[in-house]
Amino acid sequence: MKTFRPCLAEFLGTFYLCFAGIAAILCTTPAVGANFGLLGIALAHGLALSIAVNAFGGISGAHFNPAVTCGMLVTGRIKPALAVLYIVAQLMGASIAAITCRDVFPAEAIAATTLGLPLPAAWASTGTVFCIEFILTFLLMTSIFGTAVDERGKTVKIGGFGIGLTVTFDILAGGPITGASMNPARSFGPALVTGHWEWHWMYWLAPILGACAAAILYHWFLLVAPEEPPVKEEWIDRGRR
């Protein structure tokens with residue numbers, strides 16, 4: 001049960017994110033008729049992730065993303081065996097979300113969007129896709145460290161919403177270019193259900209490298225060492241003098 005609970009939380013949290021995101025994309029098609037566009041899609045992903053982080057963060061740490069799990073792994077915040085189980089749970093949550101959307105929405109909507117599968121624009125090169133997905137995931141991982149890992153950020157008490165808002169602005173910035181996946185599980189579910197694996201390797205490589213780069217940077221250069229006094233306390237001391 002000690003391992004089952006966090007893995008179940010990872011499954012449910014990833015389902016939150018992927019079901020909301022895929023469903024929002026499908027809803028924008030003519031077959032369904034919603035007209036909230038990219039902003040609505042971005043908000044659906046961001047709000048779902050925010051709620052999932054707040055609901056399950058105390059159980060599993062709220063990764064919901066293999067790239068995030070890899071970032072936590074390279075900084076020693078999760079053991080390798082548990083990291084593998086997390087990733088399996090995340091892929092399962094994304095796959096069940098994709099299957100549910102496939103069975104609920106009209107076939108026309110699914111065909112028009114490839115079940116919400118993140119894909120690059122026709123003009124985007126391999127370098128473009130790598131660069132955008134790397135940057136978007138780097139920003140996401142930095143927000144996770146800043147709001148949910150760093151004790152200084154935790155005092156602001158906006159962790160889940162800060163992370164969700166990062167996903168929202170990432171989708172607004174990169175959605176039309178690459179689909180703004182930032183999450184191998186988010187790409188895996190629709191790819192598995194539809195059988196479309198084009199570019200799939202890039203949607204693993206770029207997010208994982210972006211997350212690991214951000215995690216290493218924050219861990220080694222931005223986190224306060226135990227013996228190092230926080231900057232704000234130094235400012236207070238100087239002011240008293």
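Other residues with beta-carbon under 10 Å from the beta-carbon of residue 59 carry, at +1 per Lys or Arg and -1 per Asp or Glu, a net charge of 0. Normalised per residue, the accessible area of the chain is 48 Å², obtained with a 1.4 Å probe and no contribution from ligands, DNA or RNA. Of the residues 135, 33, 195, the one whose Cα sits farthest toward the positive end of the charge dipole of the chain, with +1 on the Cβ of Lys and Arg and -1 on the Cβ of Asp and Glu, is 135. In order along segment 113-125, the Karplus-derived 3J(HN,Hα) couplings, from 6.51 cos²θ - 1.76 cosθ + 1.60 at θ = phi - 60°, round to 10, 6, 6, x, 5, x, 9, x, 5, 4, 8, 6, 8 Hz, and Gly and Pro are given as x. Potential lengthening of the chain between residue 34 and residue 3 amounts to 7.1 nm, from the contour at 0.36 nm per residue minus the alpha-carbon distance. Taking amide H atoms as placed 1.01 Å from N in the peptide plane, the amide H of residue 34 lies under 5 Å from those of 29, each 5 or more residues away in sequence or on another chain. Grouping the Cα pair distances of segment 18-105 into 5 Å bins from zero gives a pair-distance distribution of 3, 14, 19, 21, 17, 12, 8, 4, 2, 0 percent in increasing distance order. Once the Cβ-Cβ distance of residue 201 and residue 104 is raised to the sixth power relative to R0 = 22 Å, the FRET efficiency obtained is 0.15. In a Debye calculation with equal point scatterers on the alpha-carbon sites of the chain and no solvent, what is log10 I(q)/I(0) at q = 0.07, 0.14, 0.15 Å⁻¹? Per q value, in the given order, log10 I(q)/I(0) is -0.23, -0.85, -0.96. Heavy-atom accessible area, probed at 1.4 angstrom with all protein chains present, ranks 1, 202 as 1, 202, highest first.
Just the protein heavy atoms count here, and of the accessible area of the chain at 1.4 Å, carbon and sulfur take up 69 percent.
Using just its DSSP H runs of length 4 or more, each adding -39500 (n - 2.57), the chain gives a mean residue ellipticity at 222 nm of -23000 deg cm²/dmol after division by all residues.
In this view, the solvent-accessible surface of residue 224, computed with a 1.4 Å probe and all protein chains in place, comes to about 50 Å². The angle separating the long axis of helix 37-60 from the principal Cα axis of greatest extent in the chain is about 50 degrees.
The values are calculated or read from the model by the stated rules, or taken from the named source; none is laboratory data. These numbers come from a predicted model, not from an experiment. For neighbour counting, all protein chains shown are included, and Cβ atoms are generated from backbone atoms with ideal geometry for every residue, glycine included. Accessible surface is based on the protein model in full, side chains and every heavy atom, while ligands, DNA and RNA are left aside. Shrake-Rupley method; radii C 1.70, N 1.55, O 1.52, S 1.80 Å.
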